[in-house]
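**Student:** I'd like to ask some things about the structure below.
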Amino acid sequence: MAKEITNREENYSQWYNDIVKKADLAENSAVRGCMVIKPYGFAIWENMKAVLDQAFKDTGHQNAYFPLLVPKSLFEAEEKNAEGFAKECAVVTHYRLQTDPDNEGKLRVDPNAKLEEELIIRPTSEAIIWNTYKNWIQSYRDLPLLINQWANVMRWEMRTRPFLRTAEFLWQEGHTAHSTKEEAIQEAELIHELYARFAEDYMAMPVIKGYKTESERFAGADNTLTIEALMQDGKALQAGTSHFLGQNFAKAFDVKFLTSENKEEHVWATSWGVSTRLVGGLIMTHSDDEGLVLPPRLAPIQVVIIPIPKPSDEIMEVADKVAADLKALGVRVKIDRDMKKRPGFKFAEYEMKGVPVRIGIGKRDLEKGMVEIARRDTKEKASIALTDCVSHVHGLMTTIQDNLLARAKKHRADHTSTVDTFDEFKKAIAEKGGFVYAHWDGTEETEDKIREETKASIRCIPVDTVDEDGICVYSGKPSKRRVLFAKAY
RNA sequence: CGGGGCGUGGCGCAGUCCGGUUAGCGCACCUGUUUUGGGAACAGGGGGCCGCAGGUUCGAAUCCUGCCGCCCCGACCA
């Protein structure tokens, strides 16, 4: 069973790659660092997208779309932002190819088609968007401006991994403008909370909410709020960020508005995003050595019905009826009618693909008025009376969703330490892994030293922990609050 | 950008050192039959400019030169 999936213990990152491949989520493409998201993987992203999109709309945001290419002069306008992303930008320099005179059948870049100004393939869209907002905002009556875009972006990363870090990735990026600082901060916090709830309620992936230290902050932001999840291998995954941008972009792009008192002021801004990286987080939170495990709320197929041959009209009738009744309850259900594949093959296949519930309907069970119901999360199999099947399975959707969240929370609790000395710190990081709460003196110097010596970085300064006097585990200087450390993806 | 490795049917590989029948194996694929309650068996079949370009040779997947591409390990990152 579970042929060809590497055990997590043996090689976690190979296991991850195997899951991506065996569950048919994505594959490498002909383009360096860029993956092809296959239909099943894309369906998971589409489900995430649908929920988030609705949540953004419910909180007053509208979707729009801005260009892929950003003129270099706009890109460099906000200096910190430009600097932060400069090293990983793909740049368009020419607009035409021609047949190569020295190399028949080949094309070359037409040297006469050089662009006057280079175009940057967006690594994020603040620049082009703020240049546009300048024309949209004149008065306090134009505010707040609450825009989201679903888009692809490109960051020329040195090393890539499917979903977790690809050169091109899909995401949503919200860009809002406000008349006051307080309102912008509230917006950033609203989205931060929205992301955290999405992660827990839909992905069943518990997260720590907090804000980033200055060195980990988004380039061009005054504050970066983050949600941090703990993966099964004890490493942290930054799963979503929401930035308070202050007036940095408003000043860089000269976006001003008139207040009701007829005073000219720069607007206040936020930006926020989650990406296809969430799919990677989903995989690494729940899956096991048999394959993918998906929470029902995001699973493209929530229930698969496998008629167990010999094929018979009676079995198919029962399957159709069960499927129809489940659909009526809003359950995403598939009947596998492929009679060429044997049941054993299908069992393994749907386990690999993480389908939460499998219903086996065969002659032997049916004679007793029973069906077989298998849960992907616990791998339990049960014989259930056909008459109870639909309500039982419907109930399992919630049961499994809750169980996955509880399991992930337990894993996180088991891999979270609170330490007071650097020895304890190093031991916790090296032996146990996971999250470590420790006092920090607030300096970048200490942060860097700890990262160098332990590979662990400050994931965030959590918002939910209480103030508590202590001394920095590294420097011994006073500290008012523990921060969250971990090795990160 | 440094260090290591690899390019051979769709995928994974053998063959390369030491040149020589028709380039082979597993998986996948197609057809047929028997099967079908945990990854079916048998029979038959299709598919290769051996990464690209030169060179050496009677003869090159194999030797030589150049180029291209990819993967892994480090510095960068959602």
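The values are calculated or read from the model by the stated rules, or taken from the named source; none is laboratory data. A quick note: this is a predicted structure, and the numbers were derived from the prediction, not measured. Neighbour counts are summed over all protein chains in view; Cβ atoms, including those assigned to glycine, are modelled from backbone coordinates with ideal geometry. Accessible surface areas use protein heavy atoms only, side chains included; no ligands, DNA or RNA. Shrake-Rupley method; radii C 1.70, N 1.55, O 1.52, S 1.80 Å.
**Student:** Determine which member of the set A:T99, A:T93, A:T59, A:T6 is among the polar types (S, T, N, Q), in contact (Cβ under 8 Å) with a residue 12 or more places away in the chain and surrounded by fewer than 13 Cβ atoms within 10 Å (Cβ to Cβ).
**Tutor:** A:T93
**Student:** Would you mind telling me which numbered condition in (1) more than 15 Å from RNA strand B (Cβ to nearest atom); (2) out of contact with any Cys (no Cβ under 6 Å at 6 or more places or on another chain) A:N81 fails?
**Tutor:** Just one mismatch for A:N81, condition (1).
**Student:** Let me ask you something else. Regarding the range A:135-146, can at least one residue be identified that is within 16 Å of RNA strand B (Cβ to nearest atom), at pLDDT 95 or above and surrounded by fewer than 21 Cβ atoms within 10 Å (Cβ to Cβ)? Spell out how you get there, then give the answer.
**Tutor:** Taking the range A:135-146 first, the residues within 16 Å of RNA strand B (Cβ to nearest atom) are none.
So far as the range A:135-146 goes, no, none of its residues is within 16 Å of RNA strand B (Cβ to nearest atom), at pLDDT 95 or above and surrounded by fewer than 21 Cβ atoms within 10 Å (Cβ to Cβ).
**Student:** Under 8 Å by Cβ, and 6 or more places apart or on different chains, what pairs join a residue from the range A:341-352 that is without any contact (Cβ under 8 Å) to a residue 12 or more places away in the chain with one that is basic (K, R)?
**Tutor:** Every condition considered, the pairs that remain are A:E349/A:K341.
**Student:** Of the conditions (1) within 15 Å of RNA strand B (Cβ to nearest atom); (2) in a loop (DSSP other than H, G, I, E, B); (3) farther than 30 Å from A:A299 by Cβ, A:G33 clears all except one; give me its number.
**Tutor:** With respect to (1) within 15 Å of RNA strand B (Cβ to nearest atom); (2) in a loop (DSSP other than H, G, I, E, B); (3) farther than 30 Å from A:A299 by Cβ, A:G33 is out only on (3).
**Student:** For the range A:463-489, which residues satisfy the criterion of being buried (at least 18 other Cβ atoms within 10 Å of the Cβ) and more than 16 Å from RNA strand B (Cβ to nearest atom)?
**Tutor:** Listed by number, the residues that qualify are A:C472, A:V473, A:Y474, A:S475, A:S479, A:R482, A:V483.
**Student:** Suppose we keep only residues that are closer than 25 Å to A:A167 by Cβ and open to solvent by less than 100 Å² (accessible area, probe 1.4 Å) within the range A:102-118. Which one would you say is modelled with the lowest pLDDT?
**Tutor:** Going through the qualifying residues, I end up with A:R108.
**Student:** Open to solvent by less than 10 Å² (accessible area, probe 1.4 Å), in contact (Cβ under 8 Å) with a residue 60 or more places away in the chain and within 16 Å of RNA strand B (Cβ to nearest atom): is that true of A:A236 in this structure?
**Tutor:** yes
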